[in-house]
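Colleague: The structure is given below, and queries will be raised subsequently.
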Amino acid sequence: MHESALQHLSAADPVLAALIARVGPCRLEVEQRWSPFQALVQAVAHQQLNGRAARTILGRVKALHPGRRFPGPEDLLATPEENLRGAGLSRAKIASVKDISAKCIAGAVPTTRQLRTLDDDAIIESLTALRGVGRWTVEMLLIFKLGRLDVLPVGDFGVRKGFALTYRRPDLPKPADLLEHGQRWRPYRSIAAWYLWRALDAPAADPTAAEPPADGVGEKARRRKGPRKR
């Protein structure tokens, strides 16, 4: 799976090629069954949380609606805020989920069929009009719902941390520097991002191996405080 992508990435970037060799075949899974609503709610729940914590919260939210594989917009819109707070969602995320629910019911959120006719930038422009939905949230939908292969979420902590580990940088790369480096990965930047995520738990590289060439990436990232669109 993704053999053409792996060949391209390995030829374009020897350091990434070594990571690919350590991790093995790409197992990026696209959730085509998800509606845009479910993909957005899932991504909102993951904002600024690790995957395990987000999955726990989502499990509690789904438990509020037994018998449903995933609650629909009407379900979440009707769920009392205190119940969602009890499941672990922050007030900001509840406001976002409620707005997404209302906009889906009103037909303001494109359907899967409509999304497939739009390019990435048009989808980002459309969906970031929703409350609490920023570029990162839409990028997760592009990768994991629509299966777009050339998305590089440069604001994602895991991608930046994986890059720092893989390229032996003492600090996280600035998003602009990661974006510049990632030009060599086109048109498979989503696959590169998947491997950078895997770098966080991949076997360590041989410490005696030659240092990768310097590329100007390694400036310390600024930490932002408070809730923000992702």
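Colleague: Going by how many other Cβ atoms sit within 10 Å of their own, how do Cys104, Cys26 line up, fewest first?
Modeller: By the 10 Å Cβ count, ascending: Cys26, Cys104.
Colleague: What distance in nm separates the two pseudo spin-label positions at Arg116 and Arg33, each 7 Å out from Cα along the beta-carbon direction?
Modeller: Each label point lies 7 Å from its Cα, and together they span 1.7 nm.
Colleague: Computed FRET efficiency, Cβ-Cβ of Ala17 and Arg52, R0 35 Å: what is it to the nearest 0.05?
Modeller: 0.75
Colleague: Add -39500 (n - 2.57) for each DSSP H run of 4 or more in the chain, then divide by its residues: what number comes out at 222 nm, to the nearest 500 deg cm²/dmol?
Modeller: -15000 deg cm²/dmol
Colleague: Please report Phe144, Phe70, Phe157 as a ranked list, fewest other C-beta atoms within 10 angstrom at the top and most at the bottom.
Modeller: Lowest count first: Phe157, Phe70, Phe144.
Colleague: Further question on the same structure: Ranking Asp171, Asp121 by Cβ neighbours within 10 Å, fewest first, what do you get?
Modeller: Taking fewest neighbouring Cβ atoms as first place, the list is Asp121, Asp171.
Colleague: Also, I was wondering about something else. Once the Cβ-Cβ distance between Ala176 and Ala78 is put in as r, and R0 is 45 Å, what FRET efficiency do you end up with, to the nearest 0.05?
Modeller: For R0 = 45 Å, the calculated efficiency reads 0.55.
Colleague: According to the square roots a ≥ b ≥ c of the eigenvalues of the Cα gyration tensor, what is the shape class of the stretch 10-104, taking rounded for a/c under 1.5, prolate for a/b larger than b/c otherwise, and oblate for the remainder?
Modeller: It is prolate, given that a/c is not under 1.5 and a/b is the larger ratio.
No lab work stands behind these numbers, since they all come straight from the coordinates. As the structure is a prediction and not an experimental result, all values here were calculated from the model. As a convention, Cβ positions derive from the backbone with ideal geometry for all residues, glycine included, and neighbour counts pool all protein chains shown.
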